[in-house]
Amino acid sequence: MTYKLKLEMFEGPLDLLLYLIKKDEINIYDIPIAQVTEQYLEYIEMMKMLNLDTVGEFLVMAATLIHIKSKMLLPADPLEVEPKEEDPREELVRRLLEYKKFKEIADDLKEKESFRQDLFPRIVDAEKTNELKEEAKEVYYEVSLFDLINALTSTLRRLPEETAYEIAQEEYTVDQKIHMILHRLMDRERIVLSELLADSKSKMEVIVTFISVLELIRLKEILVVQQHLFEEIEIIRNKENVVPVQEG
């Protein structure tokens, strides 16, 4: 696949580690390094397959995890009178806690900024006010890239093994899939990502569909959200980027 995708929403290696820790409800002070390393490497393989940009920095963290894992597997030196109690994970935990703290501060500042903007709202008509109140009833969480990759991985695992005797295989392009997704969003307010991917008949079609979703996110044509963390991901049209039809 020659399609190369750059995403502004791309998060870093520490974000992925925090995501895995939160998803599996892991104690950050007692990380099961073998389990986390295996899952981390799976995500990297998916990023490589999708030909995503800036995967290199994730490989550096992967090497760090493998190094920690190997140190933890080494038996203690029997010649040492008092073996050192140093935990190979200690430095990683310190980095994660520090990064988590800064992320929380940044999120807090962002929330305060949003609150201050609401202190001086723009005057809108009664109909618009009712629409905003209606929309406020539903609370959604922003979906991360790792949530999306997790959904893709789950879909690929459910696909049956492709038979070797298939001769004619239908070609799919990102442009075609983008058109299909936007066309669906004209008829439906939202699309469940897992259902969209499940409509695909092959691994290649799943991947092309997934990349199309990422491209639409990059173009700010769609939003991907979920009502609860780690639950179903929904695709909705970004109303700010929809050009209204002018009546002639």
- prompt: Out of all the residues in the stretch 38-49, which are over 14 Å from the mean Cα position of the chain (by Cα) and within 12 Å of residue 13 (Cα to Cα)?
  reply: 41
task: For residues that are free of Cβ contacts under 8 Å to residues at least 40 places away in the same chain and either part of a loop (DSSP other than H, G, I, E, B) or crowded, with 19+ Cβ neighbours inside 10 Å (or both), tally how many sit in the stretch 50-70.
output: 3
query: Does the stretch 202-248 hold any residues that are at pLDDT 90 or above, part of a helix (DSSP H, G or I) and of a type in the set (Asp, Glu), and which are they?
result: 205, 215
- request: Filter the stretch 23-63 down to residues that are more than 27 Å from residue 228 (Cβ to Cβ) and of a type in the set (Asp, Glu), then give me how many there are.
  value: 3
message: For the stretch 192-224, give me each residue that is surrounded by fewer than 18 Cβ atoms within 10 Å (Cβ to Cβ) and of a type in the set (A, V, I, L, M, F, W, C).
response: 192, 198, 204, 219
task: Could you please tell me which pairs satisfy a Cβ distance under 9 Å, a separation of 6+ or placement on different chains, a first residue in the stretch 22-49 that is farther than 17 Å from residue 154 by Cα, and a second residue that is of a type in the set (Gly, Ala, Ser) and surrounded by 14 or more Cβ atoms within 10 Å (Cβ to Cβ)?
output: 37/62
task: Tell me, yes or no, whether the stretch 64-72 has at least one residue that is outside the structural domain of residue 214 (by TED's automatic domain parsing), closer than 30 Å to residue 206 by Cβ and modelled with pLDDT of 90 or more.
output: yes
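The values are calculated or read from the model by the stated rules, or taken from the named source; none is laboratory data. Small disclaimer: the values here were computed from a predicted structure and weren't measured. With ideal geometry, Cβ positions are generated from the backbone for all residues, glycine too; neighbour counts draw on all protein chains shown.
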